[in-house]
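K.L.:
Before I ask anything, here is the structure I am working with.
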Amino acid sequence: MPSLYAGVIVDTPHTSLDRLFHYSIPFDIETYVKPGVRVSVPFGASNKKTMGFVFEITSDTSIQHERIKSIISVLEPYPLLMPTLIPIVQWMRKEYHCLTIEAVNCFVPKLSKTMAIKGNRPDTVSDFVDTTNLMLSHEQQNAVELISKALSDGRGNFILEGVTGSGKTEVYIRLAQKAAATGKQTIILVPEISLTPQTVERFKNRFGTMVSVLHSRLSPGERLKQWHNIRMGLTKIVVGARSAVFAPVGNLGMIVIDEAHEDSYKSDQRPRYHAIDVARKRCETEYGVLVLGSATPRIEDSYFVNTIYQKIEISQRVEQRPLPPVKIVDMRDEITKGNRSIFSKQLYIALKQVLERGEQAILLLNRRGYAQFVLCRSCGFVSKCQNCHISLTYHSDGNILRCHYCGLKKPYTTICPNCKSKYIKNFGLGTQKVQEELDKFFPGARTIRMDMDTTTKKDSHQKILDAFKSGEYDFLLGTQMIAKGLDFPNVTLVGVVTADTSLNLPDYRNGEKTFQLIAQVAGRTGRSAKGGEVIVQTYQPGHYAIEFASRHDYRGFFQSEIKMRRALNHPPFTHIVRILLTGEHNETLASLGNHAVLCLKQKISQNAELNQGVVDIGVCPAPLEKINGKYRWQILIRLKRHEKFLEHCHVVVDECCKSLPLKDERVIIDFYPVSLL
């Protein structure tokens with residue numbers, strides 16, 4: 001009988017060592033050494049005891065017997081990394097340009113020396129609550145039937161496009177019940193546990209102890225316990241944020257990604273994965289069904305309907321409740337009439353009436369980032385790049401306006417070039433300023449604020465939402481974190497204080513993000529018999545994103561947006577690769593950036609296939625040019641959308657970045673960026 005060897009991925013941070021190392025398997029542990037098992041091995045010249053994961057078992061006779069070392073021990077009695085996930089790990093290494101061990105660590109729990117995983121099973125597991133007596137609408141029932149068939153077939157990718165309040169969560173619950181009834185497990189992803197407590201609670205109420213909830217507030221021991229319950233098949237439903245896509249389900253039936261348009265599903269740490277891509281790959285490999293739920297799907301996802309996805313629509317709210325009317329207020333008229341307040345007359349009156357009726361209002365400050373743009377409050381003019389149709393960013397250093405796509409520069413002016421008004425300035429508001437205005441105009445009102453400053457403590461999100469739900473406050477004021485997953489029957493008014501901030505950030509997706517945010521926050525009202533209304537304040541009432549959002553018209557918005565992106569060669573018609581350089585010395589970064597671009601252009605010109613795929617390449621300061629004392633420069637490569645171009649680009653980018661004479665500077669390569677700020 002030939003000797004068996006284990007191919008092991010060793011836990012080391014060195015790129016040059018990111019490969020299989022083969023070890024002989026001692027006879028006494030041979031039955032325990034399987035793909036996915038965590039082992040202790042001697043490594044390097046010093047034979048330091050090192051942890052690794054078995055990826056293959058082979059009897060290859062070409063392995064050098066005299067140089068082979070033996071596995072020291074097996075660390076768990078079963079594969080910590082499920083063997084079915086090894087192909088996903090290998091795919092992630094290639095797709096996200098990361099180390100194999102970095103991908104492995106996404107799937108396995110972090111263990112200290114004092115923590116151990118036990119293989120025993122708990123005694124009792126509760127059944128789910130039967131909800132088949134609850135009536136579904138015709139559209140909900142149709143969605144359940146179509147996706148249920150895919151569950152039976154073990155394959156299918158769906159976009160569930162349902163308006164806010166249409167009962168998408170109930171569809172997820174019915175499908176999860178069907179999966180559980182056949183012994184399959186379901187993963188439900190939400191943008192952030194603390195911002196979607198009502199969704200999480202509904203699953204816990206329906207499925208009891210069959211639900212594992214994964215979130216950042218769990219202690220290491222609690223997280224390990226949840227992981228073990230999932231790994232042993234005791235959990236049928238896993239609910240969690242982005243990282244729950246790696247949950248160790250052994251019999252995957254379905255992955256649901258709720259509010260699938262949210263950027264929080266993209267990791268900003270290595271490996272820089274997107275949960276949608278990982279989920280789709282898992283479903284493809286493990287014969288599962290993927291469901292992307294949203295009232296406002298990503299443009300890229302909608303573009304691939306009929307090729308990658310099948311779309312199912314739910315166009316009506318539960319109990320046929322109407323979507324709230326959306327009123328657009330032109331803030332330029334307010335200036336003309338002498339109103340210098342943050343609040344238009346219309347929003348002021350509506351807020352006053354809410355107080356008189358004893359109801360509640362949500363006020364959104366649309367602030368997605370801190371890059372400053374220049375806007376005229378008289379005519380709504382915004383300084384934009386004539387090459388890229390992207391707003392120019394104001395830079396106080398040099399008093400200039402700069403395009404962060406092509407590098408175009410213009411002098412900053414204090415007079416509007418369109419209407420010659422003096423009311424042109426850097427634009428931006430803070431929630432504290434809005435709260436001061438609320439206190440001034442409504443001294444008796446009770447306002448609670450939900451933003452980065454008020455949600456730093458543990459459970460602060462939940463406490464704020466619970467206090468508002470119980471009626472302790474009249475107004476909930478916040479940033480985009482209040483726009484999702486909330487259902488308060490007493491909210492009859494939503495006010496968007498300014499719709500222009502995200503609309504004018506220097507990002508090709510600014511129209512999409514504005515439409516999504518308005519549509520999502522509008523869905524927070526009108527969810528009871530009391531009805532509701534939405535008031536959107538803007539200096540650009542004619543912008544197509546705002547007009548379509550006011551009509552709840554996603555299809556119309558998509559058609560306009562995709563037409564513009566095709567004309568300007570923006571994604572999904574091209575692919576963007578981002579290289580971010582950060583460091584303490586601005587001049588050094590500028591020099592490194594220009595050096596890297598020259599290197600990239602040279603290597604690209606030597607590769608005929610890649611050269612054919614490159615649309616453009618450039619370097620300039622990032623829109624957020626300094627964070628925490630570190631300057632930021634970025635190189636953007638735009639490619640035609642083709643897999644072979646991207647594969648070649650991986651190699652070229654890696655070679656060029658390795659050649660950079662980096663010291664204190666840091667380079668971040670992102671082949672799938674969702675933000676260019």
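A quick yes/no check of all residues on (1) touching a helix residue (DSSP H, G or I) at 6+ places or on another chain (Cβ under 6 Å); (2) at positive phi; (3) not polar (S, T, N, Q):
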position: 482; (1), (2), (3): no, no, yes
position: 485; (1), (2), (3): yes, yes, yes
position: 494; (1), (2), (3): yes, no, yes
position: 498; (1), (2), (3): no, no, no
position: 502; (1), (2), (3): yes, no, no
position: 505; (1), (2), (3): no, no, yes
position: 510; (1), (2), (3): yes, no, no
position: 513; (1), (2), (3): yes, no, yes
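K.L.:
To continue, here is another question. Is it the case that residue 270 is within 25 Å of residue 507 (Cβ to Cβ) and surrounded by fewer than 18 Cβ atoms within 10 Å (Cβ to Cβ)? First the steps, then the outcome.
P.N.:
Numbers: within 25 Å of residue 507 (Cβ to Cβ): yes; surrounded by fewer than 18 Cβ atoms within 10 Å (Cβ to Cβ): yes.
Considered against the rule, which asks whether it is within 25 Å of residue 507 (Cβ to Cβ) and surrounded by fewer than 18 Cβ atoms within 10 Å (Cβ to Cβ), residue 270 comes out as yes.
K.L.:
While we're looking at this one, here's another question. Of the numbered conditions (1) in a helix (DSSP H, G or I); (2) under 22 Å from the mean Cα position of the chain (by Cα), residue 209 fails exactly one; give the number of that condition.
P.N.:
(2)
K.L.:
Say we look at the range 214-231 and pick out the residues that are of a type in the set (A, V, I, L, M) and either part of a helix (DSSP H, G or I) or modelled with pLDDT of 90 or more (or both); which of these is surrounded by the fewest Cβ atoms within 10 Å (Cβ to Cβ)?
P.N.:
Step one: list which residues in the range 214-231 are of a type in the set (A, V, I, L, M), which gives 214, 218, 224, 230.
Next, only the ones that are either part of a helix (DSSP H, G or I) or modelled with pLDDT of 90 or more (or both) stay: 224, 230.
Details: 224: 19, 230: 22.
Only one residue fits best here, namely 224.
K.L.:
OK, next. Going by the structure shown, is residue 466 more than 30 Å from residue 387 (Cα to Cα), in the same structural domain as residue 541 (by TED's automatic domain parsing), modelled with pLDDT of 85 or more and of a type in the set (Asp, Glu)?
P.N.:
Values: more than 30 Å from residue 387 (Cα to Cα): yes; in the same structural domain as residue 541 (by TED's automatic domain parsing): yes; modelled with pLDDT of 85 or more: yes; of a type in the set (Asp, Glu): yes.
Yes.
K.L.:
Strands (runs of 3 or more DSSP E) wholly in the range 5-52 with at least 1 residues that are aliphatic (A, V, I, L, M), assigned by TED's automatic domain parsing to the domain that holds residue 72 and within 10 Å of residue 74 (Cα to Cα) - which ones?
P.N.:
On the way: elements: 5-10, 20-24, 38-43.
Strands (runs of 3 or more DSSP E) meeting the threshold: 38-43.
K.L.:
Which residue, of 58, 12, is more than 24 Å from residue 109 (Cβ to Cβ), at pLDDT below 95 and surrounded by 13 or more Cβ atoms within 10 Å (Cβ to Cβ)? Please lay out each step first, then the result.
P.N.:
Working: 12 fails: more than 24 Å from residue 109 (Cβ to Cβ).
Exactly one of 58, 12 is more than 24 Å from residue 109 (Cβ to Cβ), at pLDDT below 95 and surrounded by 13 or more Cβ atoms within 10 Å (Cβ to Cβ), namely 58.
K.L.:
Is it the case that residue 280 is surrounded by fewer than 24 Cβ atoms within 10 Å (Cβ to Cβ), closer than 23 Å to residue 100 by Cβ and of a type outside the set (A, V, I, L, M)? Walk me through how you get there before you give the answer.
P.N.:
Numbers: surrounded by fewer than 24 Cβ atoms within 10 Å (Cβ to Cβ): yes; closer than 23 Å to residue 100 by Cβ: yes; of a type outside the set (A, V, I, L, M): yes.
Criteria met by residue 280.
K.L.:
Looking at residue 558, is it farther than 29 Å from residue 378 by Cα, assigned by TED's automatic domain parsing to the domain that holds residue 339, among the hydrophobic types (A, V, I, L, M, F, W, C) and not in a loop (DSSP other than H, G, I, E, B)? Steps first, please.
P.N.:
Values: farther than 29 Å from residue 378 by Cα: yes; assigned by TED's automatic domain parsing to the domain that holds residue 339: yes; among the hydrophobic types (A, V, I, L, M, F, W, C): yes; not in a loop (DSSP other than H, G, I, E, B): yes.
So residue 558 fits the description; yes.
K.L.:
Determine if the range 483-492 includes at least one residue that is part of a helix (DSSP H, G or I) and not assigned by TED's automatic domain parsing to the domain that holds residue 623.
P.N.:
Just the residues of the range 483-492 that are part of a helix (DSSP H, G or I), to begin with: none.
No, the conditions are met nowhere in the range 483-492.
K.L.:
Out of all the residues in the range 585-620, which are in contact (Cβ under 8 Å) with a residue 60 or more places away in the chain, crowded, with 16+ Cβ neighbours inside 10 Å and under 25 Å from residue 650 (Cβ atoms)?
P.N.:
If the condition is that a residue be in contact (Cβ under 8 Å) with a residue 60 or more places away in the chain, crowded, with 16+ Cβ neighbours inside 10 Å and under 25 Å from residue 650 (Cβ atoms), then 589, 592, 596, 599, 618, 619, 620 are the ones that fit.
K.L.:
Only residues in the range 567-584 that are in contact (Cβ under 8 Å) with a residue 60 or more places away in the chain count as the first member; pair them with residues that are among the basic types (Lys, Arg) and assigned to a helix (DSSP H, G or I), Cβ under 6 angstrom, at least 6 apart or cross-chain, and list the lot.
P.N.:
573/566
K.L.:
Please pick out the residue among 189, 175 that is crowded, with 18+ Cβ neighbours inside 10 Å, touching a Phe, Trp or Tyr at 6+ places or on another chain (Cβ under 9 Å) and in the same structural domain as residue 273 (by TED's automatic domain parsing). Don't jump to the end; show me each part of the working.
P.N.:
Numbers: 175 fails: touching a Phe, Trp or Tyr at 6+ places or on another chain (Cβ under 9 Å).
Exactly one of 189, 175 is crowded, with 18+ Cβ neighbours inside 10 Å, touching a Phe, Trp or Tyr at 6+ places or on another chain (Cβ under 9 Å) and in the same structural domain as residue 273 (by TED's automatic domain parsing), namely 189.
The values are calculated or read from the model by the stated rules, or taken from the named source; none is laboratory data. For clarity, every value in this text was computed on a predicted model and none was experimentally measured. In this analysis, Cβ positions are derived from the backbone assuming ideal geometry, glycine residues included, and neighbour counts consider all displayed protein chains.
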